[in-house]
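Enquirer: Here's a structure for you.
The values are calculated or read from the model by the stated rules, or taken from the named source; none is laboratory data. Since we're looking at a predicted model, the values are computed, not measured. When we count neighbours, we look across all protein chains shown, and the Cβ atoms used for this are built from the backbone with ideal geometry, even at glycine. Please note that ligands, DNA and RNA were not included when accessible areas were found on the heavy atoms of the full protein model with its side chains. Shrake-Rupley method; radii C 1.70, N 1.55, O 1.52, S 1.80 Å.
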Amino acid sequence: MGKLTVVGIGPGDYENMTVRADRALRDCQVIVGYHVYVDLVRERYPDKEVLTTPMTREADRCRMALEEAKKGRDVAMVCSGDSGVYGMAGLIYQLRGEAAEPEVEVIPGLTAACSGAALLGAPLTHDFAVVSLSDRLTAWETIEARLEAAAKSDLTLVLYNPASRARPDYLQRACGILLRHLPEDRPCGVARSIGREGEGFELLTLESLRTYPADMFCTVFVGSSRTQVIGSRLVTPRGYRDV
C-alpha cells in the first residue's frame, strides 16, 4: 500500500513553497491535481507521472489519488495555497472514511490570506475572518449571513473567489451587504496573482471596491475599524503602542 500526501503548494512560486512540500513532491511517484495547479509545479518535477482533472471534478480527483495509493504508489495531491483551507484534505479524509489505508499525510501551505496580506502590508495583525464568495458548494444565503456576521463583529475580512465569468457581480453584491454596516471609506485592498506573473496590489475604499474588476486571481481584504493606510500599505494595528 502506498501513501497519499495532500500538499499545499502556496501561491504558486517555488520561493513560497515549504521545504516539506518540496520534499513530498520530490519523493512521490505520481502528482495528482487540478490542471492549473499541476502546471505550477510540473516543470520542477519533470520525472513524475501527472494525473489531472478539470474544475468541478474534485471528488473524481481525490478518488483517483486514493486509488493510485492503493496500488502501492506514493502520490502527491497538490492544492493551491493551503491543503486544508478550501483544499482537498477534508475530501480525501471523507472519501477514505474509517479505513486505515492508504496512509494520508497533510502538508500545509501558504494560503492566499497570508501571502496576500504580506503583499498589501499587515492587514491581519488583529482578528480576521475568511469567507469564500463562491456559491457552487455553499448557498448564497449562507454566504450572506456570514458576511453580515463578520461586518457586525468588526473583523478584518478576507474574501476568496470574489468573482468569475459565471459570477461577475458577486463582489459587488458582497460589498452591498457589508455597506449596510460599514462606512463607505473603510480601507480595503486587493492582491492579484500572488506569487505569479502579474502580481500586484491595489488599495481602495469599500465603496470603490464595489466596482473593482475582480476575478478568480484576486484575494480581497476589507479592513476593520482599526485598519489604516500607512505609507501606502494596509495595516491593522493590534494595539502594542497603546499599552
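Enquirer: Modelled label-to-label distance, GLN228 and GLU103, 7 Å Cα→beta-carbon offset: nm?
Expert: Distance between the two pseudo-spin positions: 5.1 nm.
Enquirer: Moving on. Per residue, how many Å² of accessible area does the chain show with a 1.4 Å probe?
Expert: On a per-residue basis, the chain sits at 50 Å².
Enquirer: Quantify, in whole percent, the carbon and sulfur part of the accessible surface of region 167-243 (1.4 Å probe; protein heavy atoms only).
Expert: Accessible surface attributable to carbon and sulfur in region 167-243 totals 48 percent.
Enquirer: Run the paramagnetic zone check for GLU141: 7 angstrom along Cα to Cβ, then residues of region 155-171 with backbone nitrogen under 17 Å.
Expert: No residue passes the distance filter.
Enquirer: Sort ASP185, ASP135 by accessible area with a 1.4 Å probe, largest first.
Expert: ASP185, ASP135
Enquirer: How big is D for region 121-226, in µm² s⁻¹ as a whole number, if Stokes-Einstein is applied with the Kirkwood radius of its Cα pairs at 20 °C and 1.002 mPa s?
Expert: Estimated via Stokes-Einstein, D reaches 157 µm²/s.
Enquirer: Here is a follow-up. Cα-based Rg (one decimal) and Dmax (whole number) for region 1-141, in Å?
Expert: In Å, with Rg to one decimal and Dmax whole: 15.4, 46.
Enquirer: Grab the beta carbon distance between THR211 and ASP127, set R0 = 41 Å, and tell me the FRET efficiency rounded to 0.05.
Expert: 0.90
Enquirer: Using only the alpha carbon atoms of region 60-197, find the Kirkwood hydrodynamic radius as the inverse mean reciprocal pair distance, in angstroms to one decimal.
Expert: When all Cα pairs of region 60-197 are included, the Kirkwood radius is 17.2 Å.
Enquirer: On to the next question. For ASP127, tell me the accessible area in Å² from a 1.4 Å probe, rounded to the nearest 10.
Expert: Its heavy atoms expose roughly 100 Å² to the probe.
Enquirer: Can you tell me the length gained on complete extension of the stretch SER164 to ARG57, counting 0.36 nm per residue apart and subtracting the Cα distance?
Expert: So the extension gain works out to 36.8 nm.
Enquirer: How big is the gap, in Å, between the Cα center of region 74-94 and the Cα center of region 156-234?
Expert: So the separation of the two Cα centres works out to 26 Å.
Enquirer: What part of the accessible area of region 27-121, given as a whole %, is carbon or sulfur when the probe is 1.4 angstrom?
Expert: Its accessible area is 49 percent carbon and sulfur atoms.
Enquirer: Another one. How long is the gain from VAL50 to LYS152 if the chain were fully straight, where each residue apart is worth 0.36 nm and the alpha carbon distance is subtracted?
Expert: 32.2 nm
Enquirer: Please report, in debye to the nearest 20, how large the charge dipole of the chain is about its Cα centre when each Lys and Arg carries +1 at its beta carbon and each Asp and Glu carries -1 there.
Expert: For this selection, approximately 100 debye.
Enquirer: A further question follows. Roughly how much of LYS70 is accessible, in Å² to the nearest 10, using a 1.4 Å probe?
Expert: The value for LYS70 is about 100 Å².
Enquirer: Working with all protein chains in place, sort GLU199, GLU98 by solvent-accessible area computed with a 1.4 Å probe, largest first.
Expert: GLU98, GLU199
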